[in-house]
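Undergrad: Could you have a look at this structure, given as C-alpha cells, before my questions?
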C-alpha cells in the first residue's frame with residue numbers, strides 16, 4: 001500500500017477543517033490537488049473516509065476513527081522532526097503594536113502546545129524580512145504585494161481610529177467622520193502603515209500626503225501637527241503619546257491583521273503557529 005505523508009496530512013487537514021477550501025488554504029495547495037490526494041487515499045485504503053454532497057462534508061464512522069488515530073501521530077512526528085532539525089525556535093516578526101492580550105495569549109498557547117520558543121522581533125518592513133529569511137512568520141497590517149512568493153492569511157479585523165495632534169482643534173472633538181480627514185494633510189507610513197490614500201473614493205482623497213518610513217516617525221509628525229492619520233484601536237492603546245489624541249472614526253474601513261509566510265514553507269512549527277493563530 002503506497003501511502004505517503006501527503007495523503008495523511010491532506011486527510012487530517014480536511015477532517016479537522018471540515019471543508020476542502022479551508023484545508024487547501026492551510027496546506028498551501030490548490031483545492032483540485034487536495035481533492036485528488038483524498039481520492040487516492042480512499043482508493044488505497046479501499047474505504048470511504050468522507051460523505052460528500054453538494055452542501056456538506058462529513059467524516060464517515062471509519063473516517064472518524066482513522067482521524068483520531070492519525071492526527072496525534074502526525075503531531076508527534078512534526079515535533080520529533082523539528083527537534084532533530086533543531087527548529088525549536090520560531091522567529092515571528094511584526095512592525096509595531098500587536099493587539100493585546102491576543103498576542104500574549106497566542107504566544108503562551110503556542111509555546112505550551114509545542115514546547116518551542118517564539119522569538120519576537122520588530123521590523124519596519126516585516127515582509128522584506130520574511131523574504132530575506134530573517135523571520136519565519138510575519139504579522140502585518142500592510143498590503144501584501146509579493147503574492148507569488150508568500151501566502152497571506154487574514155486573521156481578524158480591528159476598528160480604525162483617527163490620530164491628531166493634541167494642539168489641533170480636532171483634538172477637542174469626540175469623534176470624526178472618515179471623510180473629514182481628507183481636509184487635512186494625511187501622514188502615511190509607506191513601509192509598514194495601514195493607511196493609504198486609496199482607502200478613500202477616487203474623487204474624495206486627501207489633497208496632501210506626507211510620507212514617513214516607520215511608526216515612530218508617523219507619531220512624531222502627527223504630534224508636531226504636520227497632519228492627521230489613522231491606526232488600529234489596539235495600537236492607540238499600546239502607543240500612548242502626550243502629543244497625540246486618538247478619536248473614534250465613523251464610516252472608516254476596518255484594519256485587517258494578516259499572518260504571512262513564505263509559499264511552500266514546510267516548517268512544522270510554522271504550520272502549528274498558523275493553526276494556533278486561527279483559533
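The values are calculated or read from the model by the stated rules, or taken from the named source; none is laboratory data. Nothing here was measured: the structure is a model prediction, and the numbers come from that model. With ideal geometry, Cβ positions are generated from the backbone for all residues, glycine too; neighbour counts draw on all protein chains shown.
Undergrad: Against the definition (touching a helix residue (DSSP H, G or I) at 6+ places or on another chain (Cβ under 9 Å), more than 24 Å from residue 143 (Cβ to Cβ) and outside the structural domain of residue 26 (by TED's automatic domain parsing)), how does residue 249 come out, yes or no? Don't jump to the end; show me each part of the working.
TA: Working: touching a helix residue (DSSP H, G or I) at 6+ places or on another chain (Cβ under 9 Å): yes; more than 24 Å from residue 143 (Cβ to Cβ): no; outside the structural domain of residue 26 (by TED's automatic domain parsing): yes.
Against the criterion (touching a helix residue (DSSP H, G or I) at 6+ places or on another chain (Cβ under 9 Å), more than 24 Å from residue 143 (Cβ to Cβ) and outside the structural domain of residue 26 (by TED's automatic domain parsing)), residue 249 does not qualify.
Undergrad: Evaluate region 34-47: report whether one residue or more is modelled with pLDDT under 95 and closer than 18 Å to residue 151 by Cβ.
TA: Yes: region 34-47 contains one or more residues that are modelled with pLDDT under 95 and closer than 18 Å to residue 151 by Cβ.
Undergrad: Is at least one residue of region 238-253 part of a helix (DSSP H, G or I), under 17 Å from the mean Cα position of the chain (by Cα), over 26 Å from residue 149 (Cβ atoms) and in contact (Cβ under 8 Å) with a residue 24 or more places away in the chain? I'd like the intermediate steps shown before the answer.
TA: Step one: filter region 238-253 for residues part of a helix (DSSP H, G or I), giving 238.
Next, from what is left, pick out any that are under 17 Å from the mean Cα position of the chain (by Cα): none.
Looking through region 238-253, none of the residues is part of a helix (DSSP H, G or I), under 17 Å from the mean Cα position of the chain (by Cα), over 26 Å from residue 149 (Cβ atoms) and in contact (Cβ under 8 Å) with a residue 24 or more places away in the chain.
Undergrad: Go over the candidates 26, 39 one by one and state the one that is out of contact with any helix residue (DSSP H, G or I) (no Cβ under 6 Å at 6 or more places or on another chain), assigned to a helix (DSSP H, G or I) and closer than 26 Å to residue 272 by Cα. Give the steps one after another, and end with the answer.
TA: On the way: 26 fails: out of contact with any helix residue (DSSP H, G or I) (no Cβ under 6 Å at 6 or more places or on another chain).
Criteria check complete, one pass: 39.
Undergrad: Please go through (1) surrounded by fewer than 20 Cβ atoms within 10 Å (Cβ to Cβ); (2) touching a residue at least 24 places away in the same chain (Cβ under 8 Å); (3) out of contact with any helix residue (DSSP H, G or I) (no Cβ under 8 Å at 6 or more places or on another chain); (4) within 30 Å of residue 7 (Cα to Cα) for residue 143 and return the number of the only condition it doesn't satisfy.
TA: Single failed check for residue 143: (4).
Undergrad: Here's a follow-up. Considering only residues that are touching a strand residue (DSSP E or B) at 6+ places or on another chain (Cβ under 8 Å) and not in a loop (DSSP other than H, G, I, E, B), look in region 184-198 and name the one that is nearest to residue 141 (Cα to Cα).
TA: Checking each candidate, the answer is 189.
Undergrad: Can you find a residue that is part of a loop (DSSP other than H, G, I, E, B) and without any contact (Cβ under 8 Å) to a residue 24 or more places away in the chain anywhere in region 215-230?
TA: Filtering region 215-230 down to residues part of a loop (DSSP other than H, G, I, E, B) leaves 224-227.
Going one step further and asking which of them are without any contact (Cβ under 8 Å) to a residue 24 or more places away in the chain, we end up with none.
Scanning region 215-230, I find no residue that is part of a loop (DSSP other than H, G, I, E, B) and without any contact (Cβ under 8 Å) to a residue 24 or more places away in the chain, so the answer is no.
Undergrad: Still on this model: Residue check: is residue 47 in a loop (DSSP other than H, G, I, E, B), touching a residue at least 12 places away in the same chain (Cβ under 8 Å) and touching a helix residue (DSSP H, G or I) at 6+ places or on another chain (Cβ under 6 Å)?
TA: Numbers: in a loop (DSSP other than H, G, I, E, B): yes; touching a residue at least 12 places away in the same chain (Cβ under 8 Å): yes; touching a helix residue (DSSP H, G or I) at 6+ places or on another chain (Cβ under 6 Å): yes.
The answer is yes for residue 47.
Undergrad: Can you tell me which residues in region 164-183 are under 17 Å from residue 250 (Cα atoms) and either in a loop (DSSP other than H, G, I, E, B) or not assigned by TED's automatic domain parsing to the domain that holds residue 241 (or both)?
TA: Kept after step one, since they are under 17 Å from residue 250 (Cα atoms), are these residues of region 164-183: 164, 170-183.
Selection gives 173, 174.
Undergrad: Hey, any hits in region 69-90 for a residue that's part of a strand (DSSP E or B), under 20 Å from the mean Cα position of the chain (by Cα) and surrounded by fewer than 19 Cβ atoms within 10 Å (Cβ to Cβ)? Spell out the reasoning first.
TA: As a first pass, look at region 69-90 and keep what is part of a strand (DSSP E or B): 89-90.
Within this subset, residues satisfying the condition of being under 20 Å from the mean Cα position of the chain (by Cα) are 89-90.
Filter once more, keeping what is surrounded by fewer than 19 Cβ atoms within 10 Å (Cβ to Cβ): 89.
Checked against the condition, which is being part of a strand (DSSP E or B), under 20 Å from the mean Cα position of the chain (by Cα) and surrounded by fewer than 19 Cβ atoms within 10 Å (Cβ to Cβ), region 69-90 yields at least one hit.
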